[in-house]
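Undergrad: Submitted below is the structure of interest, expressed as structure tokens.
The values are calculated or read from the model by the stated rules, or taken from the named source; none is laboratory data. Computed from a predicted model, the values in this text were never measured in an experiment. FYI the Cβ positions are ideal-geometry reconstructions off the backbone, even for glycines, and counts take in every protein chain you see. Note: areas computed on protein heavy atoms with side chains; ligands, DNA, RNA excluded. Shrake-Rupley method; radii C 1.70, N 1.55, O 1.52, S 1.80 Å.
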Amino acid sequence: QMQLVESGGGLVQAGGSLRLSCAASGRAFSSLSMGWFRQAPGKEREFVAGSSRTGYTSHYSDSVKGRFTISRDNPKSTVHLQMNSLKAEDTGIYYCAARAGPIVQAMGDYVYWGQGIQVTVSS
């Protein structure tokens with residue numbers, strides 16, 4: 001089993017920044033690809049960013065490319081999502097997720113999930 005705990009969410013004005021963190025425990029962190037997803041009110045959960053096991057490869061959704069950066073610290077079993085130039089449409093619950101194998105964008109392919117954390121961007 002693996003436990004994922006997100007932190008760093010909150011309320012920020014449009015144009016501002018937030019840094020989300022996800023602390024992992026219970027399984028070899030460096031053996032897993034990590035992803036960030038988000039779910040806005042009334043919408044489906046969507047892929048935001050993903051990091052390969054080593055952190056050398058990252059994928060982003062088109063909506064956040066150039067504004068968000070995913071990074072990971074394998075010795076500390078932590079993955080981060082730096083979010084800059086935030087927009088009102090970035091509002092939602094952000095989830096950390098993990099899977100064995102390469103980065104994918106399909107939510108159903110991730111086995112482990114955090115409980116989610118709220119990010120609210122005011123315009």
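Undergrad: Please verify whether segment 100-113 includes one or more residues that are of a type in the set (S, T, N, Q), open to solvent by 50 Å² or more (accessible area, probe 1.4 Å) and not in a strand (DSSP E or B).
TA: yes
Undergrad: Has segment 1-24 got at least one residue that is open to solvent by less than 60 Å² (accessible area, probe 1.4 Å) and without any contact (Cβ under 8 Å) to a residue 40 or more places away in the chain?
TA: There is no residue in segment 1-24 that is open to solvent by less than 60 Å² (accessible area, probe 1.4 Å) and without any contact (Cβ under 8 Å) to a residue 40 or more places away in the chain.
Undergrad: Tell me, please, whether a residue that is open to solvent by less than 40 Å² (accessible area, probe 1.4 Å), farther than 26 Å from ALA14 by Cα and of a type in the set (Ser, Thr, Tyr) can be found in segment 54-73.
TA: For segment 54-73, residues open to solvent by less than 40 Å² (accessible area, probe 1.4 Å), farther than 26 Å from ALA14 by Cα and of a type in the set (Ser, Thr, Tyr): absent.
Undergrad: I've got another one for you. Looking at ALA49 and the list (1) open to solvent by less than 30 Å² (accessible area, probe 1.4 Å); (2) assigned to a strand (DSSP E or B); (3) farther than 18 Å from LEU20 by Cα; (4) not aromatic (Phe, Trp, Tyr), which single condition is not satisfied?
TA: Condition not satisfied by ALA49: (3).
Undergrad: So in segment 26-46, with the set limited to residues that are in a strand (DSSP E or B) and open to solvent by 10 Å² or more (accessible area, probe 1.4 Å), which one is farthest from VAL64 (Cα to Cα)? Break it down stepwise before answering.
TA: Start the filter on segment 26-46 by keeping residues that are in a strand (DSSP E or B), which leaves 32-39, 46.
Then keep just the ones that are open to solvent by 10 Å² or more (accessible area, probe 1.4 Å); that gives 38-39, 46.
Numbers: ARG38: 11, GLN39: 14, GLU46: 12 Å.
Of everything passing the filter in segment 26-46, GLN39 is farthest from VAL64 (Cα to Cα).
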